[in-house]
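Below is one structure; the comments refer to it alone.
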Amino acid sequence: MRHSLPVLPLVTLSLMLSVASNAQGQTVDSSAGSLTATVVADGLEHPWGLAFLPDGRFLVTERSGQLLVLDDAGERITVDGVPEVVARGQGGLLDVVLAPDFETSGRLFMTFSEPAESAGLQRGTGTAVLAANLVLEDGAARLEDQSVIFRMNNFDNSTRHFGSRIAIGQDGKLFVTLGDRGTMDRAQDAEDLAGGVVRIGPDGSVPADNPKTEGWAPEFWSIGHRNPQGATIRPSDGALFTVEHGARGGDEVNMPTAGDNFGWPIITYGVDYSGLSIGEGTEKEGLEQPIHYWDPSISPSGLDFYEGTLLADWEGDLLLGGLSGQVLVRLDMDGNAVVGEERLFEGQLGRIRDVRVAGDGAIYLLTDAENGRLIRVAPDGQ
C-alpha cells in the first residue's frame, strides 16, 4: 500500500445546558464555502463518543462513566444501568454506536475500560465491549439486557492506549480498535489482542471468515497498531478505515484489510518522546504503509466519511478531529488515496475528540475538556 507525503434512567438527572441560541458561533472559510460552528450543549465531562438517535436526539458518552441523552434545546437525561468503568488516564466510558436495527431492537454497543473484578480477574483493566438495549420512556432512560460480549485477553495496570472505536461493517460484524496499552511490543504479539483491530459478531462470536492467519488470535482482523481512536466504514464499498496516534509524529490513516500488519513498533514515521528512534525505519517488506500520515502529530480522534447535500463538494471525503492539533481535518479522497488535506477551525474549538456526520449533512463534533461541548458545523444559515 503506498503512502502519501506528510502535510505541513429509573434514576435520572435533567439539567439545562447551554443551547445553540445562546452560543457565539465560530465561522471559517472553507473549500465548500463559509462554515459556522454552533454550540449545541456544553457542560459535558470529557465527552468521548457520539451517536444520533432516530428521534433527533444525541447519545453521548462521558469518559467518567455517564451515558447521556441530549436534545438540541440542551436538555440532558442520564442513562441508568451503565457498567462500572475505570476512569483513569485515557480510560473510562468510551465509544457508543447503534446497531443497524436500533429503531426496532433498541440495541447499542459501547466500549469501556473494564475493572479486573468485573472480568473475574485479579488485577488491571482492559478494553471491553458492552451490548445492551436502550429504553427511553417517560423522560427517563435505562439500559437493559446488558452483556459484555468482548474483552481484551490481557489486562494490565496501564492507564494508556485503550483505543477504542467501534465500526459496524455492512454485514453487521463489529470492528473494534484496541491500543497497545502503552507497551509497544504487545502490538506484534499475535496472541495478545492489544494493538490490533478485532472483528466479532454482534453477540461476540468469532466470524468464520476472519483471516485466521497462522499464530494469530482468532478475533484479529489486523495487527501492528499503536492507539487507533477513529474507525469508520466507507459507505460505497464497506471498506474499513482507521486513524491512530503515533508517538512524536507518525499519526496514521490506515485502511486495514484481513490479515494486515501495520508494523508498529517495527516501522513508524514518528520518534520516541525522548527523541530517540523507534524500530527499524519507516518501511519493511511485509508490513503495510499508511495511506496518509502526519509529522508533527495532530493526535487524531474520531473519523467519518462525509455524505450529504449541505457540502456536496466533500462527498466521499474523510473527516477527523485533532486533539493536540485542536483542528477539524478534511482529507480529500480519490479512491483509496489521500490527495489533499484541509484544516478547519484550527485552535478555535479546542481538542476535538469525535466527528460524526448527521443525516442532514451537518457535521457534529465533541470537544475533550472538563467543560466539553457538542458542536454543530454547517454552512452559514443552514
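The values are calculated or read from the model by the stated rules, or taken from the named source; none is laboratory data. Keep in mind the model is a prediction, meaning the values are calculated, not measured. Don't worry about glycine lacking a Cβ; one is built from the backbone with ideal geometry, like all the others, and counts go over all protein chains shown. In case anyone asks, the SASA skips ligands and DNA or RNA and just uses the protein heavy atoms, side chains included. Shrake-Rupley method; radii C 1.70, N 1.55, O 1.52, S 1.80 Å.
Within region 341-357, the set of residues being on the phi > 0 side of the Ramachandran plot and either in a strand (DSSP E or B) or open to solvent by 50 Å² or more (accessible area, probe 1.4 Å) (or both) comprises Gly347 only. The residues listed here are Phe162, Phe241; of these, the one that is in contact with a strand residue (DSSP E or B) (Cβ under 8 Å, 6 or more places away or on another chain), of a type in the set (Phe, Trp, Tyr), open to solvent by less than 40 Å² (accessible area, probe 1.4 Å) and in a loop (DSSP other than H, G, I, E, B) is Phe162. The number of residues in region 148-157 that are assigned to a loop (DSSP other than H, G, I, E, B) and either open to solvent by 50 Å² or more (accessible area, probe 1.4 Å) or basic (Lys, Arg) (or both) comes to 3. For region 105-116, indicate whether the set of residues that are in contact with a helix residue (DSSP H, G or I) (Cβ under 7 Å, 6 or more places away or on another chain) and buried (at least 18 other Cβ atoms within 10 Å of the Cβ) is non-empty. Yes: one or more hits. No other residue among Ile233, Ile266 is over 20 Å from the mean Cα position of the chain (by Cα), among the hydrophobic types (A, V, I, L, M, F, W, C) and open to solvent by 10 Å² or more (accessible area, probe 1.4 Å) apart from Ile266. When Gly89 is tested against (1) open to solvent by less than 10 Å² (accessible area, probe 1.4 Å); (2) part of a loop (DSSP other than H, G, I, E, B), only condition (1) is not met. Residues in region 1-54 that are out of contact with any helix residue (DSSP H, G or I) (no Cβ under 7 Å at 6 or more places or on another chain), at pLDDT 50 or above and either hydrophobic (A, V, I, L, M, F, W, C) or closer than 30 Å to Lys284 by Cα (or both): Val28, Leu35, Ala37, Ala41, Leu44, Trp48, Leu50, Ala51, Phe52, Leu53. When region 348-377 is filtered for residues that are β-branched (Val, Ile, Thr) and farther than 10 Å from Leu50 by Cβ, the ones remaining, listed by number, are Ile352, Val357, Ile363, Thr367, Ile375, Val377.
Residues in region 117-132 that are open to solvent by 30 Å² or more (accessible area, probe 1.4 Å) and more than 16 Å from Leu193 (Cβ to Cβ) were compared, and the one that is modelled with the lowest pLDDT is Gln122. The set of residues in region 358-380 that are open to solvent by 10 Å² or more (accessible area, probe 1.4 Å), more than 17 Å from Gln229 (Cα to Cα) and either assigned to a loop (DSSP other than H, G, I, E, B) or of a type in the set (A, V, I, L, M, F, W, C) (or both) comprises Ala358, Gly359, Asp360, Glu370, Asn371, Asp380. All of (1) within 17 Å of the chain's Cα centre (by Cα); (2) in a loop (DSSP other than H, G, I, E, B); (3) crowded, with 21+ Cβ neighbours inside 10 Å hold for Val176 with one exception: (2). Checked against the criterion of being at negative phi, assigned to a loop (DSSP other than H, G, I, E, B) and under 16 Å from the mean Cα position of the chain (by Cα), region 269-288 has no qualifying residue.
Given the structure, is Asp145 out of contact with any helix residue (DSSP H, G or I) (no Cβ under 8 Å at 6 or more places or on another chain), at pLDDT 95 or above, over 23 Å from Arg356 (Cβ atoms) and surrounded by fewer than 17 Cβ atoms within 10 Å (Cβ to Cβ)? Yes; evaluated as a whole, the condition is true for this residue. In summary, Leu319 fulfils each of the numbered conditions (1) open to solvent by 10 Å² or more (accessible area, probe 1.4 Å); (2) not in a loop (DSSP other than H, G, I, E, B) with the single exception of condition (1). Among residues of region 289-313 being out of contact with any Ser or Thr (no Cβ under 8 Å at 6 or more places or on another chain) and under 17 Å from Phe345 (Cα atoms), the one that is surrounded by the fewest Cβ atoms within 10 Å (Cβ to Cβ) is Leu311. Filter region 322-340 down to the residues that are of a type in the set (A, V, I, L, M) and part of a loop (DSSP other than H, G, I, E, B) and list them by number. Leu323, the sole residue that qualifies.
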